1. Using the Cα gyration tensor of the stretch 3-193, with a ≥ b ≥ c the square roots of its eigenvalues, what is the shape: rounded (a/c below 1.5), prolate (a/b larger than b/c) or oblate (neither)?
2. Please state the shape class of the stretch 53-94: rounded when a/c is under 1.5, otherwise prolate if a/b exceeds b/c and oblate if not, all from the C-alpha gyration tensor.
3. Return the percentage of antiparallel bridges among DSSP beta bridges fully within the stretch 3-193, rounded to the nearest 5 %.
4. Is the stretch 97-163 best put as rounded, prolate or oblate by its Cα gyration tensor, with a ≥ b ≥ c the root eigenvalues, rounded for a/c under 1.5, and otherwise prolate when a/b is larger than b/c, oblate when not?
5. What distance in nm lies between label points placed 7 Å from Cα along the C-beta direction at residue 333 and residue 228?
6. For residue 261 and residue 282, calculate 0.36 nm times their separation in residues minus their Cα-Cα distance, and state this gained length in nm to one decimal.
7. Separation between the residue 325 and residue 158 pseudo-spin-labels, each 7 Å from Cα along Cα→Cβ, expressed in nm?
8. What distance in nm separates the two pseudo spin-label positions at residue 312 and residue 100, each 7 Å out from Cα along the beta-carbon direction?
Amino acid sequence: MSPSERDADVELVVVAASAGGLQPLRALLSALPANLPAALLVVLHVPPTGGHALPRILDRSGPLHAASTVDGEPIRRGRIYVAPPDRHLLVVKDTVRVSHGPRQNGVRPAADPLFRSASLYGGPRTTAVVLSGTLDDAALGSATVERRGGLVLVQDPAEADYDSMPRSAITATRHAAVASVAEIAKLITEAATRESPDQDDQGAMPAGRDTRLDAELETEIAGLLAGDPETDIRTRGYSGLTCPDCGGPLYTGAERTFDCLVGHRWSPQSLFEEHSASVERALWLAVRALDERGRLAGRLASEAGERGHRITADQFTVAAREAQESADAIREVVNGMLAEVILQPGTRAGTEADPGAVAPGTKPA
């Protein structure tokens, strides 16, 4: 079955949330009708060892049945498919797939693979929803859904506990609808019950499909399912950076991503934050080493003094003092580091303001 042959009766609603996203997700599900003619697919960033209770929590949140996704099961309307912990959730033709492929944006499950795969097989029948969360997972996926004619709905950043994910999705798109969770539920229902936009009166697909994007998405999904990239990314430009996950070289992608040879993918903001975390870890390791050096030098100074070796004792005392001063200096550097840089709506990393972006609390004209 090709993307164009997908059952047009099933609306795909893909939802992403992270920090602070569970409560708005539950509120969203509680506001949806029991007869919603759509399938919902949900990614919530959880630790690899956590999140097993999430399907039960979501199942109790509203009238739609929620369950952890089983690899290869068919997509059915009125169902909520929840990404299992430490697995990507993908749409492949008329089924859902789970993958232990490389992490994207430092997380697994990630929103971008779900959104992009749903856009390939759902096209204009895809609605993407971005709720509270940190960093910018779902931004690239939202842009892809929009490019393929789908609808992007973003929780109002003023309402979200953590506004980075909503703001990043707004920045990445041109026509996202920014609304409260209650309004998003109404928009999902309206989109799911509208007349199918992906066929004309004769049932044919409209002209103007981006075949290059389709091929890119198909290759990307195949690579995730295989656990290995399907293309040799060394034909791209080398970024001069290394992957925080595996240490391999990063190559710049067409979608302003950073991809490594084994398949890890990073958005600019996620890469920046992960490198910041790596630097912080390295600095704390340096602090620990200097503290130990200082303690060892202090012991050796005491022992030398007890033996009457004054010059040696003085040398070790100086070494202990220098180690302590260096450790204190690094502590000051770590405590002064910025934790997160959030792009404001209307700006893109390294670019001028984007006049097509939508400001918080507004909807596109």
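Just so you know, all these numbers are worked out from the coordinates, no wet-lab data involved. No experiment lies behind these values; they were computed from the predicted model shown. Don't worry about glycine lacking a Cβ; one is built from the backbone with ideal geometry, like all the others, and counts go over all protein chains shown.
1. It comes out rounded by the Cα gyration axes.
2. The shape class here is oblate.
3. Antiparallel bridges: around 20 percent, rounded to the nearest 5.
4. It is oblate, given that a/c is not under 1.5 and a/b is not larger than b/c.
5. About 4.0 nm separates the two model spin labels.
6. Separation in residues times 0.36 nm, less the Cα-Cα distance, equals 5.2 nm.
7. 5.3
8. Between residue 312 and residue 100, the label points sit 5.5 nm apart.
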